[in-house]
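Notes follow once the structure below has been shown.
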Amino acid sequence: MSDPIAQTSKLGDRIFGGMSKGAGVLILVALAAVSLFLISEAWPAFTTDLTELDGGDTFFQYVLPLVFGTIWASFLALMIALPLAVAVALFISHYAPRRISHSLGYFIDLLAAIPSVVFGLWGITVLAPILARSVYPWLEDNLGFLPFFAGPASTSGRTMMTAAIVLAVMVLPIITAISREVFLQTPRIHEEASLALGATKWEMISQAVLPYGRSGVISGAMLGLGRALGETMAVAIILSPADLISFNVISNQNPNTIASNIALKFPESSGLEVNRLIATGLVLFFITFVVNAFARKVANAGFSGAEG
């Protein structure tokens, strides 16, 4: 006679396998549906003369400053958030007492639950006046020879640097949480072997923990970058956008981002203007796809290196 327990186990495996496969197929179907929608709605923007719309720009001239602003703001946010996130993750996982590490980890995770509009309001009402009053004038006076701080310094704080700092705070919990979990998974024997050879705690971390968690840190950074690329409301509230390409991060004239531009202009758009905005959304979709594909490749290479 067949074992009923074994039959039940096989049935459960088949059900679970089917559900997992269905979930994977559903994700691909949703991704394909979004892609088809964006392409179909954006196609008129690629095939029609758009110079008669506001500004008289071709699509390439229209989208280029937006692409630059999107990548520039996200890059600045990542450069601010990544070192801080790794440092906080190392403190929680290897330096802080257990009780403090649990509490600090909880508060870091809680930052991810704050709506982006709250971050935007905090940035424009609290952070921007502080930066405009003290930081930006100092940067212009002392580092004005650099194109990033050439000025004139903003008196309102509605600058690319303010937006980048707010974006950095928003992506910080994502990078920190993933890095912390990866650092905690470092094999104990690797840490003990490094310490046994006379390494200090920091030397042990640099020799054992950081190489092992490299792929996880890269993955967390790319997830944070993905959120920064698509962030809308916080950037729309803070930035004073203009149709230009500029590396200056302390002036009132700033390149806009794709997501913020769509949010600000979509309610009042019609006809080809809507198609043009959707076409910029398709460009953002492509950018995020390329970033995630590159991150997956780098993370896999880092994981293989760690195992080797």
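Quick notes
- Once the stretch 66-123 is narrowed to residues that are β-branched (Val, Ile, Thr) and buried (at least 17 other Cβ atoms within 10 Å of the Cβ), the residue that is farthest from Val235 (Cα to Cα) is Ile92.
- The selection criterion, being surrounded by 14 or more Cβ atoms within 10 Å (Cβ to Cβ) and of a type in the set (S, T, N, Q), holds for Ser219.
Every read-out reported here was derived from the displayed coordinates using simple, explicitly stated rules and does not represent laboratory data. These numbers were taken from a predicted model, which means no experiment stands behind them. Cβ atoms come from the backbone with ideal geometry, glycine included; neighbour counts cover every protein chain shown.
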